[in-house]
Amino acid sequence: MADGSSETKSSNQMWGGRFASGPDAIMEEINASIGFDKKLYAQDIRGSIAHATMLAHQGIISAEDKDKIVHGLDTILSEIESGAFEFSRRLEDIHMNVEARLATLIGPAAGRLHTARSRNDQVALDFRLWVKEELQKTEKALTALIAAFLDRAEEHADTVMPGFTHLQTAQPVTFGHHCMAYVEMFGRDRSRVRHAIEHMDESPIGAAALAGTGFPIDRHMTAKALGFREPTRNSIDTVSDRDFALEFLSIASIAATHLSRLAEEIVIWSTPQFGFIRLSDAFSTGSSIMPQKKNPDAAELVRAKTGRINGSLIALLTVMKGLPLAYSKDMQEDKEQVFDAAESLELAIAAMTGMVRDMSVRADRMKAAAGSGYSTATDLADWLVREAGLPFRDAHHVTGRAVALAEQKSCDLADLSLADLQSIDAAITEKVFDVLTVEASVASRTSFGGTAPAEVRKQIAWWRARN
């Protein structure tokens, strides 16, 4: 009982004497955030060291007190990282837990650390630092995923496969070209990450509660010490801004959508009906009852995590949508969403990078499927325009009749005889068979960004120079 009373008294002191007694159990439960915001310990300590150093430099606190504060904060960092630190729910959050422990370690000098700042700008700083670091990790993870796709694209620049629209066979492409489509997707994700880092590269510390401070602080000094480009320019916006968290979640949602589309293709491609790829045992599981099964569980879980990440974005948008300026306690609900989405995205990218690198490509199955569904029909129509001089709409009609005849004969377009084709249009010559194979179709698509192997290799080279 004595220990509990002591802790309550300590907590009340941290509240600054506003309340005669501590919050009751319900208030404590709803108010405490230490269960999740302790993840910000390194950023909180880093920000406090920069703030104390600036205060001493500006003559606001003594060099002696600054040295005590920095030493104490370093000690706390070591305690947390070693697992020796005891977090208290009654102290609400990471800031008060660190400050209370600092007071125990160094005495009255600890009270000087909070000069010219508030928990409002302190949490804005900690959270912004954490999100910035997470974006930097995401950038590296996306770069590794892009590299995996570039390797597979180069390996399979000539591997013919069916290209799809509406999940129906459309035209032959190469697997290398298909891989490069994902390079473009994840490249855009990485560009958004880089832009977000640039966009949020401003230091909140020094905005204080919402109005700034009368102390002669140097916000540019702390911004530089913490690796920011510059300090924020409006103290009200600074403490109420969570755009950086929303941008992170938006980026995560778009990237997760791309990962989910890829996961869906992997699930489809690994079925016996397609058989385009085999997943390694590292990213598959067996069935508890059917020994022949090899389930693409990793891809399925990546697909599912997209809903979880999207949910985090919607949750934070909803939290922020009705808040008046400046800070409101609602913002305490921002971190769990971001932490969860970051963890899900990091895991999903890592899993997908592993699957792309480890999967076995079955080029024979891809090539066999590439010619199905009369995938070279467009090549026939193009040939009629180019060689026979037909308007494209007429060529489209002739090609449709040729497809109908092939269906009637249960054969591919390339298996129709010249007589068969000439019965539809007399202008067709023997040369038409040069474009009716899937290899010829793919090789002919030489427009910029097309599927011709030579063009795919150009795009690979362009991306390698920038990855």
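Just to confirm, what accessible area per residue do you get for the chain at 1.4 Å probe, in whole Å²?
On the way: 22160 Å² over 467 residues.
Here the residues of the chain average 47 Å² of exposed surface.
In this structure the amide hydrogen of Ala170, modeled in the peptide plane, comes within under 5 Å of the amide hydrogens of Gly163, Phe164, Thr165, none closer than 5 places in sequence on its chain.
Solvent exposure of Arg365, expressed as accessible area, is near 70 Å², computed with a probe of 1.4 Å over the protein chains only. Under 5 Å from the amide H of Thr159 lie the amide H atoms of Phe175, Gly176, each residue being 5 or more positions distant or on a separate chain, with H modelled from the backbone and absent for Pro and chain starts. Across segment 244-264, the residues whose backbone nitrogen lies under 20 Å from the label position 7 Å along the beta-carbon direction of Ala350 are 249, 252-253, 255-260, 263.
By the scheme Lys and Arg +1, Asp and Glu -1, what is the net charge of all other residues having a beta-carbon under 13 Å from that of Gln122? Before the final figure, lay out the partial values.
Numbers: positive: Arg46, Arg117, Arg119, Arg128; negative: Asp37, Asp44, Glu92, Asp93, Glu99, Asp121, Asp126.
Net charge in that neighbourhood comes out at -3.
Centre-to-centre separation between the Cα atoms of segment 293-327 and those of segment 55-82: 38 Å.
Bridges between two residues of the chain, per DSSP, are antiparallel at a rate of about 80%.
For the chain, with all protein chains present and a 1.4 Å probe, just round the carbon and sulfur fraction of the accessible area to a whole percent. Each step should come with its number before you reach the end.
Details: 11720 of 22160 Å².
Accessible surface attributable to carbon and sulfur in the chain totals 53 percent.
Can you sort Asp340, Asp243, Asp44 by 1.4 Å-probe accessible area, starting with the largest? Mind dumping the intermediate values first?
Working: Asp340 40, Asp243 90, Asp44 0 Å².
Output order, biggest surface exposure first: Asp243, Asp340, Asp44.
When the Cα gyration tensor is reduced to axis lengths a ≥ b ≥ c, the ratio a/c is 1.5 or higher for segment 92-134, and with a/b above b/c it is classed as prolate. Separation of segment 202-235 from segment 117-133 is 11 Å, based on Cα centroids. Between the helical axis of 297-320 and the dominant principal axis of the chain, each derived from Cα atoms, what acute angle in degrees is found, rounded to the nearest 10? Taking Cα atoms only, the helix is inclined about 50 degrees. Note on Glu300: accessible area is roughly 70 Å² with a 1.4 Å probe, heavy atoms of protein only.
The listed residues Leu150, Leu210, Leu313, once ranked by accessible area (1.4 Å probe) with the largest placed first, stand as Leu210, Leu313, Leu150.
Annotation for segment 94-160: chymotrypsin sites (Phe, Trp or Tyr not before Pro) lying in DSSP loop with at most 16 further Cβ atoms inside 10 Å of their Cβ do not exist.
Using only alpha-carbon positions in segment 369-465, the gyration tensor eigenvalues give semi-axes of 28, 15, 10 Å once each is multiplied by 5 and square-rooted (largest first).
Relative to the dominant Cα principal axis of the chain, helix 41-57 is inclined by about 50°.
Placing unit charges on the Cβ atoms of the charged side chains and taking the dipole of segment 25-112 about its Cα centre, the candidate lying farthest along the positive direction among Ser78, Met54, Ser33 is Met54. Under a straight-distance cross-link criterion of Cα-Cα below 27 Å, which lysines are reachable from Lys140, leaving out those fewer than 8 residues away in the same chain? Output for Lys140: Lys38, Lys39, Lys132, Lys224, Lys305, Lys335, Lys458. Could you tell me whether segment 25-112 comes out rounded, prolate or oblate from its Cα gyration tensor? Rule is a ≥ b ≥ c as square roots of the eigenvalues, rounded for a/c under 1.5, then prolate if a/b exceeds b/c, otherwise oblate. The shape class here is prolate.
Run the dipole for segment 127-221 about the Cα centre, Lys and Arg Cβ at +1, Asp and Glu Cβ at -1, nothing else charged, and hand back the magnitude in debye, nearest 20. Write down the numbers at each step before the final one.
Details: 10 positive and 13 negative charges, 59 e Å.
For this selection, approximately 280 debye.
Residues Ile428, Ile254 ordered from highest to lowest accessible area at a 1.4 Å probe: Ile254, Ile428.
Full extension of the segment from His57 to Ala209, taken as 0.36 nm per residue of separation minus the current Cα-Cα distance, would add 52.5 nm. Note that segment 450-465 has calculated 3J(HN,Hα) couplings of x, 8, 3, x, 5, 5, 4, 5, 4, 5, 4, 4, 4, 6, 4, 6 Hz, one per residue in order, obtained from phi through the Karplus relation 6.51 cos²θ - 1.76 cosθ + 1.60 (θ = phi - 60°); glycine and proline are x. At a Förster distance of 60 Å, what's the computed FRET efficiency of Thr165 paired with Glu333, Cβ-Cβ distance as r, to 0.05? According to the calculation, E is roughly 0.90. If only the Cβ of Lys and Arg carry +1 and only the Cβ of Asp and Glu carry -1, the dipole of the chain around its Cα centre is close to 360 debye.
In sequence order, segment 81-86 has phi-based couplings of 5, 8, x, 8, 6, 9 Hz under the Karplus curve 6.51 cos²θ - 1.76 cosθ + 1.60, θ = phi - 60°, and Gly or Pro positions carry x. In order along segment 400-408, the Karplus-derived 3J(HN,Hα) couplings, from 6.51 cos²θ - 1.76 cosθ + 1.60 at θ = phi - 60°, round to x, 5, 5, 4, 4, 5, 5, 4, 4 Hz, and Gly and Pro are given as x.
The values are calculated or read from the model by the stated rules, or taken from the named source; none is laboratory data. As the structure is a prediction and not an experimental result, all values here were calculated from the model. Cβ: placed from backbone, ideal geometry, glycine included. Neighbour counts: every protein chain shown. The protein model used for the area step is the full one, side chains on, heavy atoms only, and it has no ligands, DNA or RNA in it. Shrake-Rupley method; radii C 1.70, N 1.55, O 1.52, S 1.80 Å.
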